[in-house]
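Engineer: Following this message is one structure expressed as structure tokens.
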Amino acid sequence: MRPEEAVRQLEYAIDASLDEIGQRAAAGYRPTFERVAERADGAAVYTLAGELADEVVCGDCPTPAEANEAAERVLADRAYTDGGK
């Protein structure tokens, strides 16, 4: 999954769940998805999008900082590290 696709899917989930704040909130995740795509692959982006969407379905709207924390967990869980560089 490409970062822009992940953002678009999350926008749909947020819009469906949280009314009007969706697009503004989801657009703030774009840098996070782009960073994950650079450090890993589309599967990691997809995993991150799924985690954030699960939170949205539960009624939460993760902040960009929370999305960054989730991204770091996804990268660590999938062993997508840069070797400490």
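Engineer: Quick one: Val56 ticks every box in (1) within 12 Å of the chain's Cα centre (by Cα); (2) modelled with pLDDT of 90 or more bar one, so which box is it?
Structural biologist: Unmet for Val56, out of (1) within 12 Å of the chain's Cα centre (by Cα); (2) modelled with pLDDT of 90 or more: (2).
Engineer: Restricting to region 66-85, name every residue that is open to solvent by 60 Å² or more (accessible area, probe 1.4 Å), at pLDDT 85 or above and among the hydrophobic types (A, V, I, L, M, F, W, C).
Structural biologist: Within region 66-85, the first condition is being open to solvent by 60 Å² or more (accessible area, probe 1.4 Å), and the residues that meet it are 66, 69, 72-73, 76-79, 81-85.
Still in the list and also at pLDDT 85 or above: 66, 69, 72-73, 76-77.
Matches in region 66-85: Ala76 only.
Engineer: Right, next: May I ask you to verify whether Asp41 is over 16 Å from Met1 (Cα atoms), open to solvent by 10 Å² or more (accessible area, probe 1.4 Å) and among the charged types (D, E, K, R)? Steps first, please.
Structural biologist: Numbers: over 16 Å from Met1 (Cα atoms): no; open to solvent by 10 Å² or more (accessible area, probe 1.4 Å): yes; among the charged types (D, E, K, R): yes.
For Asp41, the condition - over 16 Å from Met1 (Cα atoms), open to solvent by 10 Å² or more (accessible area, probe 1.4 Å) and among the charged types (D, E, K, R) - is not met.
The values are calculated or read from the model by the stated rules, or taken from the named source; none is laboratory data. Source: prediction; values computed, not measured. Please note that ligands, DNA and RNA were not included when accessible areas were found on the heavy atoms of the full protein model with its side chains. Shrake-Rupley method; radii C 1.70, N 1.55, O 1.52, S 1.80 Å.
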